[in-house]
Amino acid sequence: MTTLAVRHTVQDFDVWKAAFDAHAATRRGHGATGHRVLRDGHDILVLIDFDDQEQAGAFTADPSLKEAMADAGVTSAPDITIREETEGLRY
């Protein structure tokens, strides 16, 4: 599994979350299989799962992602990385 990690700061979490939810069809259209949202105040980390790096890369290259972030009130440059899972355990 491949995970796309996106970290950024937002102006208003509720506004950001509504825009994030509205962008779900685009994520799914690029092959996203799930996500997690982690929050520390206005600092947001989103982990989006894909089957492979190509799907994750295509999603990050989609022009609508930049537009969605602008509409969501993202106030910092996003830190975006693509990572391959090497181990996964749940306790």
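The values are calculated or read from the model by the stated rules, or taken from the named source; none is laboratory data. Keep in mind that this is a model prediction, so the values were computed, not measured. Using ideal geometry, Cβ is built from the backbone for each residue, glycine included, and neighbour counts are taken over all protein chains shown. The accessibility values were calculated without ligands, DNA or RNA, using every heavy atom of the protein model including side chains. Shrake-Rupley method; radii C 1.70, N 1.55, O 1.52, S 1.80 Å.
How much of the accessible area of the chain, probe 1.4 Å, is carbon plus sulfur, in whole percent?
Carbon and sulfur: 48 percent of the exposed surface of the chain.
Find the eigenvalues of the gyration tensor of the Cα atoms of the chain, then list the square roots of 5 times those eigenvalues as equivalent ellipsoid semi-axes, largest first, in whole angstrom.
Each semi-axis is the square root of five times an eigenvalue, giving 21, 16, 11 Å.
Accessible surface computed residue by residue for the chain, with neighbouring protein chains in place and a 1.4 Å probe, gives 64 Å² per residue.
Counting only the backbone N, which residues of segment 57-82 are under 18 Å from the spot 7 Å out from the Cα of D51 toward its beta-carbon? Backbone N within reach: 57-60.
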